[in-house]
There are 2 protein chains.
Amino acid sequence: MTPTIIAFDADDTLWHNEPYFDEAQERFCELFQDFASKQEILGLILNHQIKNLPLYGFGIKAFTLSMIDSALELTNQSISGQNIAKVIQIGRELLQKPVELLPEVESVLQQLNGKHKLIVATKGDLKDQHRKLHDSGIGHYFHHIEVMSDKTDVDYKKMLGRLDIEPNNFVMIGNSLKSDVLPVLNIGGHAIHIPYHTTWEYEKIDFEINHPNFKSFENITQIIPLLTN
Amino acid sequence: MTPTIIAFDADDTLWHNEPYFDEAQERFCELFQDFASKQEILGLILNHQIKNLPLYGFGIKAFTLSMIDSALELTNQSISGQNIAKVIQIGRELLQKPVELLPEVESVLQQLNGKHKLIVATKGDLKDQHRKLHDSGIGHYFHHIEVMSDKTDVDYKKMLGRLDIEPNNFVMIGNSLKSDVLPVLNIGGHAIHIPYHTTWEYEKIDFEINHPNFKSFENITQIIPLLTN
């Protein structure tokens, strides 16, 4: 494989992310434990997130607004101002979490550096993803960061058009089969799946992928022989 | 002037925006008129917006969260869930406003079409700006849209690096001297100011600009002779 551009997903591919969301949701569940079970509350947040996607898109601000919607529904709008402030604080703290790189990420980037054009292609809040790339200390390995409003076939097509690159010269590396793999294969690109130990419910798919342009590795270091031969 | 890339700001340059925010703030002020004067409430929202910029950035989700912060402060956290829901609804309606082009915008784009690479360079929510460009009906005139997390010198430098273009071949057209003109002149680019009849307090500057790379026009049609000769 001799790709011109290698794109890395960010959250849970380059650095830890989902555990911070899990922890935030835990705190939310504790705050409203008198109103419903943890399972019910988690389901409610997910429903509000999915309902809000067309208007809010992805990212922590959308998540915060979905938590507030969930709190209003849980309490039948009898929530106190103090608890609204606590929910907002959960979101604000998420936006300030330290960026902790996944193992071997920097070593892999060092080995690819100068051999390919590397970019970051991620969903989420624009400001937040720029902040995290800056704080990560690995920003200098990347030509730039593409914060995408979604990761559908059309979004990838637009991105490749903008980068002026053929799909066959593009490889996407990420932890989500739904967002990082399927749409890229659909438009004729290459995709490498590197699973993270936990996946957001929304990103799960329940079938297997077999495709000549697809690989799945347990460890990010395994991409090196494929991309440097 | 023979620029390679002509970038247009979006809000209040291509389509109306600020009046929608003004209307949203009016509704917020009415909702909390028992707590403070309109002037005080507008000042409070602005303070929260500026305080929240480093974490939330620009856009309607940030604005909604800043309205909630303002409502909590105004009511000393005694706000009802019903009123929180009303504030969120003000934000949701902002995200669904019709996109109304400014006069002559489409005619100007038609005349520049094919002669230059045209892009949109805007702040705001990623999803929202993509939605507006789509709904505007003028998306096909542009190579792509750059949603920027801010419009400082550094942000423009990064964008030009990504677009692989020299500042001297870049012209930015917009209604904000602070965001669309000053930083672009600072990095060696060209800038054209086309004022809108109302400006967000945050974007105001109180000095005049004199610079060989700077022009100010009352009407967007005036850019045509400059850019097509």
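Compute the helix-to-body angle for B:18-31: its Cα long axis versus the longest principal axis of chain B, expressed 0 to 90° and rounded to tens.
So the inclination is approximately 0 degrees.
Estimate the FRET efficiency between B:Leu101 and A:Asn186 by the formula 1/(1 + (r/R0)^6), using the beta-carbon distance for r and 25 Å for R0, to the nearest 0.05.
The computed FRET efficiency comes out at 0.15.
Leaving out ligands, DNA and RNA, what percent of the accessible area of region A:18-94 is carbon and sulfur, probe 1.4 Å? All intermediate terms of the calculation are to be shown ahead of the outcome.
Details: 1510 of 3140 Å².
C and S atoms contribute 48 percent here.
How many Å² of accessible area per residue for region A:18-94, probe 1.4 Å?
Details: 3140 Å² over 77 residues.
Per residue, region A:18-94 has an accessible area of 41 Å².
To one decimal in nm, how far is B:Lys115 from the same spot in the other copies, if labels go 7 Å from Cα toward Cβ? Please give the shortest first.
In nanometres, ordered from closest: 4.7.
Within chain B, what's the longest stretch lacking trypsin sites (Lys or Arg not before Pro) that sit in DSSP loops with no more than 15 other Cβ atoms inside 10 Å? Present the calculation step by step, with values, prior to reporting the outcome.
Numbers: sites that count: B:Lys115, B:Lys204.
Looking at chain B, B:1-114 is the longest stretch - no exposed trypsin sites (Lys or Arg not before Pro) with at most 15 other Cβ atoms within 10 Å.
Measuring from a point 7 Å out along Cα→Cβ, what nm distances, shortest first, does B:Arg92 have to its partners in the other copies?
Taking the point 7 Å beyond Cα along Cα→Cβ, the inter-copy spacings are 2.5 nm.
HN-Hα J couplings of region B:51-58 from phi, Karplus 6.51/-1.76/1.60, θ = phi - 60°, integer Hz, Gly and Pro as x?
Values, residue by residue: 4, 7, 3, x, 8, 9, x, 9 Hz.
Sort shortest first the distances from B:Lys51 to its counterpart in every other copy, using label points 7 Å along the Cα-to-beta-carbon line, and give them in nm.
Counterpart label points of B:Lys51 in the remaining copies fall at 3.0 nm.
What angle do you read, to the nearest 10 degrees and between 0 and 90, between the alpha-carbon axis of helix A:153-163 and the longest principal axis of chain A?
Value to nearest ten degrees: 50.
Between 0 and 90 degrees, rounded to the nearest ten: what's the tilt of helix A:126-136 against the longest Cα principal axis of chain A?
It is inclined by approximately 60 degrees.
Give me the inter-chain shielding for B:49-62: mean count of other chain Cβ atoms within 10 Å, whole number please.
4
Evaluate peptide A:76-82: per residue, the Cβ atoms of other protein chains within 10 Å of its Cβ; return the mean as an integer. Intermediate results must be reported in sequence, preceding the final value.
Details: counts 1, 6, 3, 5, 5, 13, 3.
That average works out to 5.
What is the calculated FRET efficiency for B:Gln77 to A:Gln39, with r their C-beta to C-beta distance and R₀ = 35 Å, to the nearest 0.05?
Details: r = 30 Å, r/R0 = 0.85.
Given R0 = 35 Å and the Cβ-Cβ separation, E is 0.70.
Counting protein heavy atoms only and a 1.4 angstrom probe, how many square angstrom of accessible surface do chains B and A bury in total, to the nearest 100?
Numbers: alone 11530 and 11520 Å², together 19820 Å².
That pair of chains buries around 3200 Å² in total.
The values are calculated or read from the model by the stated rules, or taken from the named source; none is laboratory data. Quick caveat: nothing in here was measured; it's all calculated off a predicted structure. Please note: Cβ atoms are built from the backbone with ideal geometry, for glycine as well, and neighbour counts cover all protein chains shown. The protein model used for the area step is the full one, side chains on, heavy atoms only, and it has no ligands, DNA or RNA in it. Shrake-Rupley method; radii C 1.70, N 1.55, O 1.52, S 1.80 Å.
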